[in-house]
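Every read-out reported here was derived from the displayed coordinates using simple, explicitly stated rules and does not represent laboratory data. Please read all numbers here as calculations on a predicted model, not as lab measurements. Positions of Cβ are backbone-derived with ideal geometry, glycine not excepted, and every protein chain shown enters the neighbour counts.
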Amino acid sequence: MHPETLAIHAGQHPDPVHGAVMTPIVLSSTFAQEGPGEHRGFDYSRSGNPTRNALEACGAALEGATHGLAFSSGCAATTTVLHLLRPGDHVVCGDDVYGGTFRILDRVMKPLGVTATFVDMRDLARTAEAFRPETKLVWLETPSNPMLKVFDIVAVCALAKARGAMSVVDNTFATPVIQRPLALGATAVVHSSTKYLNGHSDVVGGFVMTSDDDVAARLRFLQNAMGAVPSPFDCFLVLRGLKTLHVRVERHAKNALTLARWLEAHPDVARVHYPGLASHPQHDLAATQMALPGGMMSFVLRAGATGTVAERARRFLKALKVFTLAESLGGVESLIELPAVMTHASLPPETRAALGIDDGLVRLSAGIESVDDLQHDLAQALDASR
Ligand SMILES: *Cc1c(COP(=O)(O)O)cnc(C)c1O
């Protein structure tokens with residue numbers, strides 16, 4: 001079946017008790033047993049829950065995976081994956097990763113003896129040089145955040161495979177509608193389902209999908225042992241969100257492309273980072289591994305008539321009326337933010353500078369509103385902030 005059909009049906013069957021068409025929210029923490037150790041597949045909701053099972057089957061189907069594990073957050077998914085590693089192991093990681101992923105590697109895993117090298121994976125020779133004999137895992141996030149760099153999933157996963165390391169792709173920005181990393185050679189896919197998978201900014205959740213039976217079994221053990229499970233209610237909401245993933249993502253990408261082209265032509269905008277623009281340095285690569293250019297972009301404002309570019313950015317963001325100034329992304333509503341002082345404030349200033357996250361860089365998550373209203377809002381705020 002096609003993904004649009006799987007999103008609505010995979011893992012979901014009318015409830016055998018009442019015939020409910022929509023998956024019931026099973027809140028029970030425990031399940032009655034016929035005799036000691038004799039149960040119908042569920043004994044305790046940390047170890048397994050019917051609502052969670054339905055979500056996991058659906059998410060796995062969308063990424064073309066055999067196994068799916070739903071987590072309490074994207075960071076819980078990441079932490080659990082990284083606990084597959086042992087002291088002395090090494091990770092090769094993209095240099096422009098989600099700040100929380102950097103923090104887990106730097107402040108949680110490093111003290112446990114798992115080290116990481118961060119590298120700009122657009123440069124495959126440098127990526128190859130970052131490997132060590134003890135490299136066990138490669139982490140790539142593409143498109144990257146907030147610079148929208150695009151990394152070659154096939155090439156990086158092949159490098160990992162040749163060195164006996166597993167490869168993990170954070171597919172949060174692209175979603176399985178746009179990009180299917182397992183088909184491109186990745187061992188596992190990680191999501192923050194807080195973003196596009198749920199899509200309505202009312203759940204914090206995570207996901208791991210893999211077709212590697214051994215990796216799945218070890219993750220299942222770690223998740224149950226460490227307890228990083230989502231609530232049944234949140235599982236229900238993400239499952240509901242998945243049903244409209246395709247129509248939402250198509251509209252997000254359509255709106256984003258229109259806004260990116262308009263911003264690129266605007267005299268007050270110095271540069272737009274969006275894989276759908278011909279000016280994007282990896283535009284051709286993006287076209288081969290992504291079905292659509294996605295809903296995320298960043299752009300660099302020019303300074304106004306008075307003050308610094310940071311002051312202009314502040315005036316611009318405060319003048320917006322339809323866009324909400326907030327962290328996060330991937331919801332139906334358009335969001336906008338200033339990475340240098342919001343999502344990426346925890347990065348050391350020199351790291352921010354090296355990545356190009358300067359004071360005038362604005363990140364935008366295009367929602368599914370009328371694109372005319374979004375464009376007018378950007379136009380009036382650019383005028384008002386001049
Ligand atoms: C938000 C995000 C995460 C972390 O997910 P949480 O659900 O916030 O824990 C990881 N990766 C990317 C790309 C994200 O945007």
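The criterion of being buried (at least 20 other Cβ atoms within 10 Å of the Cβ) and either in contact (Cβ under 8 Å) with a residue 40 or more places away in the chain or acidic (Asp, Glu) (or both) does not hold for His266. Can Glu337 be described as closer than 30 Å to Glu250 by Cα and out of contact with any Gly (no Cβ under 9 Å at 6 or more places or on another chain)? Yes, satisfied. Selection over the stretch 174-227 of residues that are surrounded by fewer than 21 Cβ atoms within 10 Å (Cβ to Cβ) and either of a type outside the set (Ser, Thr, Tyr) or within 14 Å of the ligand (Cβ to nearest atom) (or both) gives a count of 21. Of all residues in the stretch 228-238, those satisfying the criterion of being surrounded by fewer than 24 Cβ atoms within 10 Å (Cβ to Cβ) and either within 15 Å of the ligand (Cβ to nearest atom) or of a type in the set (A, V, I, L, M) (or both) are Ala228, Val229, Ser231, Leu237. Counting only strands (runs of 3 or more DSSP E) wholly contained in the stretch 148-220, the ones carrying 2 or more residues that are more than 26 Å from Ala287 (Cβ to Cβ) occupy 206-210.
Comparison of Ser346, Ser370, Ser298 shows that the only residue that is among the small types (Gly, Ala, Ser), within 22 Å of the chain's Cα centre (by Cα) and exposed (fewer than 14 other Cβ atoms within 10 Å of the Cβ) is Ser346.
Among the residues of the stretch 271-295, the one identified as in contact (Cβ under 8 Å) with a residue 60 or more places away in the chain and surrounded by fewer than 15 Cβ atoms within 10 Å (Cβ to Cβ) is Pro281. Residues in the stretch 145-169 that are touching a helix residue (DSSP H, G or I) at 6+ places or on another chain (Cβ under 7 Å) and within 12 Å of the ligand (Cβ to nearest atom): Val168, Val169.
With the condition kept exactly as written, say whether any residue in the stretch 147-163 is surrounded by fewer than 16 Cβ atoms within 10 Å (Cβ to Cβ) and of a type outside the set (A, V, I, L, M). Yes, the stretch 147-163 contains a residue that is surrounded by fewer than 16 Cβ atoms within 10 Å (Cβ to Cβ) and of a type outside the set (A, V, I, L, M). Filtering the stretch 275-315 to residues that are touching a helix residue (DSSP H, G or I) at 6+ places or on another chain (Cβ under 7 Å) and assigned to a helix (DSSP H, G or I) leaves Gln289, Arg312, Arg315. State yes or no: is Leu6 of a type in the set (A, V, I, L, M, F, W, C), outside any loop (DSSP other than H, G, I, E, B) and under 17 Å from Arg220 (Cα atoms)? It is false that Leu6 is of a type in the set (A, V, I, L, M, F, W, C), outside any loop (DSSP other than H, G, I, E, B) and under 17 Å from Arg220 (Cα atoms).
Among the criteria (1) more than 14 Å from Cys235 (Cα to Cα); (2) in contact with a helix residue (DSSP H, G or I) (Cβ under 8 Å, 6 or more places away or on another chain); (3) of a type in the set (Phe, Trp, Tyr); (4) surrounded by 19 or more Cβ atoms within 10 Å (Cβ to Cβ), the one Phe102 does not fulfil is (2).
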